[in-house]
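Step one of this worksheet: look at the structure below.
Nothing in this text is a laboratory measurement; each read-out follows from the coordinates by a stated rule. Note that the coordinates shown come from a computational prediction; the quantities given were computed from them, not determined experimentally. When we count neighbours, we look across all protein chains shown, and the Cβ atoms used for this are built from the backbone with ideal geometry, even at glycine.
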Amino acid sequence: MRRKKYFDSEEAFRFIWENADRDGIWHGDAVSLAEEFDSREDEAESVLDELRGRRLIEKLYTGNYFLSKRREKDDPGLRDQ
C-alpha cells in the first residue's frame, strides 16, 4: 500500500516552487498536483484556488502557473515561510 503524502496549500506551494522553471513558471495543473500527492483532482483544484486567492500563484493558461511571490531559489528566507 502506497503511503499518502501530506497535502495542504503550504506543501503544494513548496512542491510548485521547487518544480518551477527559472522564470517562475510551473508547468503543471490540478491533475499533476493530485498525482504527486495521491489525492483527488478536485482537492488539488481547491488547493490551487486557495493559492491563487492568496496571490501566491497566477494561472497563465491551462497547465501553467506563475509564482507571483517567489524568492530566488537560493534565498534562505523561503524556509522561514
Exercise. What ranking of 25, 57 emerges when the number of other C-beta atoms within 10 Å of each C-beta is taken as an exposure proxy, fewest first?
Worked result: 25, 57
Exercise. Can you list residues whose amide H is under 5 Å from residue 64's amide H, if they're 5+ apart or on another chain and H is modeled 1.01 Å from N?
Worked result: 28
Problem set entry | For residue 57, residues with placed amide H under 5 Å, excluding near neighbours | 52, 68
For this session: For the stretch 12-27, just list the computed ³J(HN,Hα) in residue order, Karplus coefficients 6.51, -1.76 and 1.60, θ = phi - 60°, integers in Hz, with x standing in for Gly and Pro.
Result: 5, 5, 4, 4, 4, 4, 5, 10, 7, 7, 4, 8, x, 10, 9, 8
